[in-house]
1. Suppose only helical runs count, i.e. DSSP H with n ≥ 4. What mean residue ellipticity at 222 nm does that imply for the protein assembly as shown under -39500 (n - 2.57) per run, divided by all residues and rounded to the nearest 500 deg cm²/dmol?
2. Nothing charged except the Cβ atoms of Lys and Arg (+1) and of Asp and Glu (-1): what's the magnitude of the dipole of the protein assembly as shown about its Cα centre? Round to the nearest 20 debye.
3. In whole Å, what is the distance between the alpha-carbon centres of the stretch B:61-112 and the stretch B:235-259?
4. Pairs of alpha-carbon atoms within less than 8 angstrom and 6+ residues apart define the contacts here; what relative contact order does chain B have, in percent?
5. Jot down the radius of gyration and Dmax of the stretch B:272-392, Cα atoms only, both in angstrom.
6. Please give the average number of partner chain Cβ atoms lying within 10 Å of the Cβ of each residue in B:177-189, rounded to a whole number.
7. Answer with one residue from B:SER94, B:CYS126, B:PRO258: the one whose Cα lies farthest towards the positive end of the charge dipole of the stretch B:94-263, charges on Cβ with Lys, Arg +1 and Asp, Glu -1.
8. Residue by residue through A:156-167, how many Cβ atoms from other chains fall within 10 Å of the Cβ on average?
Amino acid sequence: MRKLLFLLLPLLMPAQYNLGRPATPAEIQTADITVLPDGTGLPVGHGNAVAGEVIYKSRCAVCHGPKGEGRKNEYPALVGGKGTLATPKPVKTVGSYWPYTTTVWDHINRAMPFNTPRILPPNDVYSVTAFILYLNGIVTRDQQLTEKTMPKIVMPNRDGFVPDSRPDIKAHR
Amino acid sequence: MALSAGVAGASAAGLTSCGKGDDEPSASGANMRTYGERAPQEKTQRVIRELSASPGTGSSRTPLQDLYGIITPSALHYERHHAGVPAIDPAKHSLLVHGLVDKPLIFTMDDIRRFPATSRITFLECGGNVVGEQRGIFPETVQGSHGLLSGSQWTGVPLGLILREAGLKPEAKWMLAEGADACRMARSIPIEKALDPEVLVAYGQNGEALRPENGYPLRLIIPGWEGNTNVKWLHRLHLTAEPAMSAKETAYYTEIRPDGKAEIFTFVMEARSVITRPSGGQKLTSQGFHEIVGLAWTGRGKIRQVEVSVDNGKTWAEAELQEPVLSKALTAFRFPWRWNGEEVVIQCRCTDETGYLQPTREELIAVRGLNSGYHYNGLRPWRVKATGEVVSA
């Protein structure tokens, strides 16, 4: 009998528990900050390195350094490291390592400035992203980034990522 | 590191005095407490390491050398934060499920606790645990080398039940899990894993609510996967067709190979083991019997075997596994040993149920080079000196 009940249990269980309530479009819009590599999720906006430099100086330079050089063991550098990934001392920065411009935009938008994240309006995020890409030689100083143009910019390490190959060490028994 | 060595000594010495002393409060003993505390002699603690000048970006390490069994006291569970510990009011906390679903839903904590619950004992380990050893930096203690590792019993709702309420669209292939910490830490999880009945949206840790530093009031638990994917302070699940390629899954937690390409989405923690006693910073005070104890664990299931060598790696003998041996949980092992007072290197290695054997450092480096930076799982020898002092070998 007990066994029978056990077998029946999945049938007796509700397909759904009807818990939770519908989320309104407004609630989703407020919470949804995801930006995907194809640009989905980017708000309408624009900015270039000229405007970005001003914002960077007032909001970012204190930690990441005036030229994005960072401070060793204190704050990550945002520039440099080009051509180091296959050397004994790889330097991973936005310029040398990050695969997508959207990753940069998304990270600044969700997490920076460190002590007051999510205070920059979209245009400021475009501008400061443009400035960091400019410091890395990826865009020109007056190149306008928008929700349409930015995802199309190919980062130097775009093709630098490959799938998990493990178990790669074959010491099986 | 000197601190943790001192602490280990203090707790070992602390247990010896239980006779009547001058400071004995009263013959009938102390009163009850509404929330217990450990004995005042017990001082073992986490060691904190900040990774930037801004507080809250670092880690604190579990004192493995001082603990027993496979459950880490919640107060000593390791921490790794990218923007500190948020203060969250559970009455105001909610979980939003949206994106490629039939109906986007919001769950309160009460809603989540009404789902059928599951409890599961698992290990949790930072993807960057032991990373220095790949580059030849050997911390003096096991807390320093392996301390981004803990074991707990987690209680919560299988994630699949929550996703089923919202109804997944066929195009939903990934799920971005986001925390409510200051940096909105976010990781993309493949949908097959999100629907794995092992994966929990957890609110309980070792019988009580999660600790704030471990995600209070809600976190993801993905048994066997690198700690960072077990998103803390969980408040949003976004179903997508492609991974978001967030900073923490591209710039961090990716592994550079010798050719300069980096492996991405390397989720599973492969088999590891380490001797926790005697270990670096401790001292054997006499020759004769000493039990060697340690931990083994694997993200691919159960530990099948642990072997110990007490002769500089020349021969290996099987250690006894302490029951229970649970899938994707810490497994305790022990090995009886007589120390003859001579300098010797002791070490352990484990095999998991897939037949995977924990590699030596040399075997690992031969394949991965020195730059992969995460998921280092090489053997960890300790040198017992003739003085009884234990140091890294």
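1. -5000 deg cm²/dmol
2. The calculated dipole for the protein assembly as shown is roughly 360 debye.
3. Their Cα centres are 20 Å away from one another.
4. Details: 937 pairs, mean separation 61.6, N = 393.
Computed over chain B, the figure is 16 percent.
5. Taking only Cα atoms of the stretch B:272-392, I get Rg and Dmax of 14.6, 42 Å.
6. Averaged over the peptide's residues, the number is 3.
7. B:SER94
8. 6
Throughout, read-outs are computed from the coordinates displayed, never taken from laboratory work. Fair warning: this is a prediction, and the values are worked out from it, not measured in the lab. Heads up, the Cβs are rebuilt from the backbone with ideal geometry, glycines too, and the neighbour counts pull from every protein chain shown.
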